[in-house]
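Read through the structure below, which is laid out as structure tokens, and then see the notes.
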Amino acid sequence: MARYTSADCRLCRREKCKLFLKGDRCYSEKCALTKRNKIPGQHADGRKKITEYGLQLREKQKTKRIYGLQEKQFHKYYEEAERMSGMTGATMLILLEQRLDNVVYRMGIGVSRSQARQFVNHGLITVNGKRVTIPAYQVKVGDVIGIKEKKANQVLFQELKQAKKPGNLPKWLEFVPSELQGKVIAAPTREDIDMNIQEHMIVELYSK
């Protein structure tokens, strides 16, 4: 599957909900979903009633787009969760939450998951003092996430250093802006994932 290169805001309109792909813009009046709350495309108004399969597909597409993954990547998380004990859907979401790029975003280091992924790809993020350039890296309890020392003097990170502690920081993470450093203090649970995702529908789709 080719990488998506069109406007991110079209994805929010297609899924009829905010996916928070554009950082602060998603919270402002400039949000495309606020300005044009309709499915993109000239035939959007004439679409037929959605089927059960269609609902399951939309839930999968929405979740996949929230985390910024391609189909093959996303399906691997389902397969891994299926091999593990516990509820497959909840386990899959927990694995997605433990991705390094998601943790960087949750800590407030990146304003969006795509920016957080870019930071990781460019070698700006360290785990336990060592540079990690793999966005899919699975963090563990006790891991310390920080900014590479040579890059910490960049304007973006200096502004972050002066900022307050993120108000929406999950309870399984901690972050100290003045030190540009955070820590995974617990393993995430399904209750910690505050997004409106019906993971059972994804499991039903992949189980067919």
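The values are calculated or read from the model by the stated rules, or taken from the named source; none is laboratory data. Given the structure is predicted, the values throughout are model-derived calculations rather than measurements. Using ideal geometry, Cβ is built from the backbone for each residue, glycine included, and neighbour counts are taken over all protein chains shown. Remember, those area values only see protein heavy atoms, side chains included, never the ligands or the DNA or RNA. Shrake-Rupley method; radii C 1.70, N 1.55, O 1.52, S 1.80 Å.
Express the carbon and sulfur contribution to the solvent-accessible surface of the range 92-198 as a percent, rounded to the nearest whole number, probe 1.4 angstrom. Carbon and sulfur together cover 48 percent of it. The Cα center of the range 171-208 and the Cα center of the range 69-111 differ in position by 8 Å. Take the Cα of residue 169, step 7 Å toward its Cβ, do the same at residue 200, and the gap between the two points is 3.5 nm.
Pairs over the 24 Å Cα-Cα cut-off, from the set 140/171; 76/150; 49/208: 76/150. Between residue 152 and residue 83, the contour length at 0.36 nm per residue exceeds the alpha carbon distance by 20.9 nm. Taking all protein chains into account, the per residue accessible area for the range 60-208 stands at 51 Å² (1.4 Å probe).
Heavy-atom accessible area, probed at 1.4 angstrom with all protein chains present, ranks 122, 75 as 122, 75, highest first. Stretching residue 118 away from residue 73 to a fully extended chain increases their span by 14.5 nm, per 0.36 nm per residue minus the current alpha-carbon distance.
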